[in-house]
Structure formats: C-alpha cells, structure tokens
Amino acid sequence: MGMSATGHYIGGEWIEGAETFESHNPATGEPLGTFPRGTETDVAAAVEAAGSAFEGWRKLSYIDRAEHLWDVYTELKNRTDELGELVTRECGKEINEGRADIVEAAHMVEWPAGNARHPHGDVVPSEIAAKDSYMRRKPRGVVGCITPWNFPIAIPFWHMAVALVEGNTVVWKPAEQTPKCAHAIAELMIDAGIPDGVFNMVQGYGDTGAALVDHETVDTVLFTGSAEVGQGIASKVGGTPGKLAACEMGGKNAVVVTEHADLDLAVPAAVLSAFKTTGQRCVSAERVIVHADVYDEFKRRFVEAAAIVAIGDPLDGDTFMGPLIEADQRERVLGHNDLAREEGVEVLVDRGELDDDEIPEGHEGGHWTGPFVYETAYDPDLRCIHEEVFGPHVALIPYEGGVERAVELQNSTPYGLAGSIISEDYRQLNYYRDHAELGLAYGNLPCIGAEVQLPFGGVKKSGNGYPSAREIIEAVTERTAWTLNNSPDIELAQGLSAELKTDDQ
Ligand code: ADP
C-alpha cells in the first residue's frame, strides 16, 4: 500500500489541512499515508455541516435512513478480507483478528439497520380512558464520536450506526493511529449515498477530540478509549446542563479459576483473555485469580503456554500475537513490567524484550514485545495488580477459601469492565454472576469476544452509558412522553380537579 494524501470529510467534501501526520504499520514501521491534523476550525466546520444536515436527515423514516446503512453492510460483507488486511496493516492485530474487526463492524451495522423495522417506543396505559399515552424517541442532534485504534473499523460503527439510524448526524474523530482505516470508513459512507453533512470526519489527535467535546452545539459525546481521557470527558460534559457523554473505558480485568475448574478449559480461557490482540483489548485480562488447590498445576500449564505463544508477522495466519501499536506504548508496557519487578513479584515468563530471532524477518522496525507473567500474593498496595497496562502483562494471584474471596479480589480494583469465572460448580458461577462488579461477565469462557446484541460497557471507573449497539439508543435519543386526549372534555389523573373555579361562583 503506497502513500496517499487524504483529507477530512466535512459537509460532503474532502478538505485538506495545513498540518499533517503520518500513519505507520506497527509491525514494520512502514509509512501508510499522510493525513491532515484537525484544528478547532475544522471541527467547527464539521459541526456546522452536521447541524445543517440534521433537519433533513431526521425527516426521513427510520427505514429510509437504514437503507444507507444496508449498503455499508453489504460492502463490509463483500470486502471483509481486503478491509481485514487493512486493519492488520495499520493496527498490527493478527489477520484473523483484523478480519473479525470487519465482521463485528458488519454486525454493528446490521443490528440498528434491522432494528429500524422494529417497534420504537411503548404504548402506555392511562388512568383516564380517553387518554392515549406513548413513549416516543427523538434524535438528540449532532453526535460527537471519539474512537480508539484497537478496533478501528468496528468501534466507529458501534457509535455511528445507531446514532445515524436514530436520526442524528455525526462528527467523528477517529484515532490518530488508524487514520487510513478511518478514511476507508468515510469512503463506505460516501458510496452508500449518505447525504452531505450527515456523516463528517475530522482526523487528528487528542486536541481535535477535545475541540469536539468542547463545542457548544455538540450535546452528545460517545467515547471509547482510555479511562484517563474518558473520565476527563465525562466530568467536563457532566458539568454542562443538557450535555451527555456515554463512555466506555478500560479495566484491570481478571479471570477467576476456582478449585472446581476444568483446567483444560481454564488454561486456554486465560491465555486468550491475556494475550489475544497482544493484550490491547479494553477487556484483556491482566490478572488470573486461582484457587490454591489447583494453583500449581494451572501455573505450570499457563506458564508453558505463555512461553511459546507464537509472536510474528500479523499477516501470517500462524501468528497468535502481533506487535504493540506504537513505540510509546511499548515503552509504557516495558515500564509496567519493570514496576512489577521493582515491587518484588516473582517473574515466571519474561518475553518483554524479544530475542532477535523471535522478531520476524523484515520487521525489525516493529514494536515487539511478548508475554510477561508473574506471581504474587494479593496485596492492596501493589500498583502492578491495580493499574491497567494495555499489553501482554499478567499476574497470577493465588487465593484460599470460598468463591466469595475470589470475587472480593476480582472486585479489588477501581474498574469494572469484563471478567470471567472458570468453574464446574453452578453455585460458584451464580455467586460470581451476582457479586462480581462488572459490565461484562462470563462463565467458562475467556473474558473477551462480546457480541453486539448484548450491552457492552462497564461499571465503576470503566464507564457509563454503554456506547455500543443495544444500549446506545438511550444515549443518542431523547424520550418524549406523548399523551393525546380523545374526549372534548379535560379529565386529569390522580383525581385532580379540572374545574375552573372563579370568584363570582
Ligand atoms: P488509547 O490509549 O486507546 O489510545 P485514548 O483515550 O488516548 O486511548 O484515545 C482514544 C481516543 O480519544 C483517540 O481518538 C484520541 O485521539 C482521543 N483523545 C485523546 N485525548 C483526548 C481528549 N483530551 N479529548 C478528547 N479526545 C481525546
């Protein structure tokens, strides 16, 4: 893939920018393209275009709006392999995951497009026979979408597909690491004939995202990304009356392995949770909490697997782990590995700095690292078992006692995104289901691999508002309780008198 000059997409036009930035393949360092870095002026132009397009777009029926999305869906289905390869080249996920990103994007478009033909709202009974009451939804207007690099095609559609079908117009700020994937999405939207101004994209960094959040016309912000940035957005937006932010952020996710676990299931579940996407999913596990009775055997098998998981060229189908996204991220991950060491944990696998022969030929410019596995007794003061790393860095933490203790440890972080329990005992599974402080909880599965028809999001510091398929409708619409009187007389509920009393009576 060669270099190409590309723009923002604002009001139906490609717009160049004075300042630019480059996208790179994280497996090789090869440049993939040059993109404009959005300014406050670009953001304002995009918001204005979205505002102007809003009335025309909301006037269409749900089904007409969804028709455009079906065209996007068909393209995603027809071009899954090609777009999957683009994802792998720009964000470094191995090719099966690159492809899965496109499949997930298609599902995220299919869900709201199909939902367009389903009932929207409720018919609600009234105390007064002559009254008809309904709960109806209205679009909120211009929705600002800010997305991360790790699902560069799927997550933008989590935000935008529902927002658009519900009648909103959007201004999207894609991740600075994956502008080429963003450009491909803009092309899909254009090919689907989405009217000018309904979909707008401003490329750029965090300051471009901040300009979008700060814009006074943008009442609704959908954000997926780091806890640090998301909390900043949630508190900024939360302080402005009428504004709303739905944020999905990271976690310090855990897999619990009880004394009743089937280790043949527990080991792969933990390996997939910890190392898939090189640990760079918001749902990746960085803690495995294991009952003392099965700890030694689990540890032996987990360590054995972590020592040999295949790191390599992400375009090669035999690769399990690709590179990290960028050099800074690699520094951060290695820094967290050092921190764990300094905190005195017992390191079991250290593939942080890979040997030269582990780095695929021609990929010396990539951001390579491998599994870092350590064990430690639980200690509330250890930073390494409480702070999110976003890399293949995982703690094995033994526990004794009942499932209550395991759940206490699972809950001992400020986050609450995803987690899983491995057990053959239904009482343990149900206890975990009811007491683990999580938005996404799994039994006898890895804690990754959510499907679009379930709500996706977290509790505690991991988020609010669930910016994905099902629950996002709440964030991008306002409810109207609409009541119509069919009688010529006014009759009120609660026995409230409708009589007008006057002084001369
Ligand atoms: P990650 O660690 O996954 O890159 P970030 O939270 O840094 O997560 O980035 C997620 C998205 O948020 C990106 O599109 C990024 O440019 C954007 N972003 C970063 N900082 C800000 C900010 N202060 N305000 C708004 N958006 C931001």
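The values are calculated or read from the model by the stated rules, or taken from the named source; none is laboratory data. For clarity, every value in this text was computed on a predicted model and none was experimentally measured. Positions of Cβ are generated from backbone atoms using ideal geometry, with glycine treated the same way; all protein chains shown enter the neighbour counts. For the accessible areas, the whole protein counts, side chains as well, though only heavy atoms, and no ligand, DNA or RNA atoms are used. Shrake-Rupley method; radii C 1.70, N 1.55, O 1.52, S 1.80 Å.
Computed values, structure above
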| item | result |
| --- | --- |
| Cα-centre dipole for the chain with unit charges at Cβ (Lys and Arg positive, Asp and Glu negative), debye to 20 | 1360 |
| Residue-normalised accessible area of the stretch 279-320, given per residue in Å² at a 1.4 Å probe | 38 |
| Rg/Rh for the stretch 333-481, where both radii come from Cα atoms and Rh is the Kirkwood radius | 1.05 |
| Degrees between helix 263-275 axis and first principal axis of the chain (Cα, 0 to 90, nearest 10) | 70 |
| The chain: relative contact order as a whole-number percent, Cα under 8 Å and 6+ apart | 19 |
| Of all DSSP beta bridges in the chain, antiparallel share, percent nearest 5 | 40 |
| Computed label-point distance, nm, for sites GLU19 and TYR134 using a 7 Å Cα→Cβ extension | 4.9 |
| Three-way shape label, the chain, alpha-carbon gyration tensor, a/c 1.5 | oblate |
| Estimated dipole of the stretch 1-132 in Debye, rounded to 20 [Cβ of Lys and Arg +1, of Asp and Glu -1, Cα centre] | 320 |
| Helix axis angle, 327-342 relative to the chain longest principal axis, alpha carbon, degrees | 60 |
| Listed residues VAL72, SER133, PHE151: farthest to the positive end of the dipole of the stretch 36-154 (Cβ charges) | SER133 |
| Dipole magnitude of the stretch 353-422 about its Cα centre (Cβ charges: Lys, Arg +1; Asp, Glu -1), debye to nearest 20 | 520 |
| Rounded accessible area per residue of the stretch 1-108, 1.4 Å, Å² | 44 |
| Rounded tilt (10° steps) of 80-91 against the dominant C-alpha axis of the chain | 70 |
| Accessible-area composition of the stretch 32-107, carbon plus sulfur, in percent [1.4 Å probe] | 48 |
| Value at 222 nm in deg cm²/dmol, rounded to 500, when DSSP H runs of n ≥ 4 in the chain each add -39,500 (n - 2.57) | -12000 deg cm²/dmol |
| Farthest toward positive dipole pole in the stretch 431-500 [+1 Lys/Arg, -1 Asp/Glu at C-beta], among GLY463, THR480, LEU492 | GLY463 |
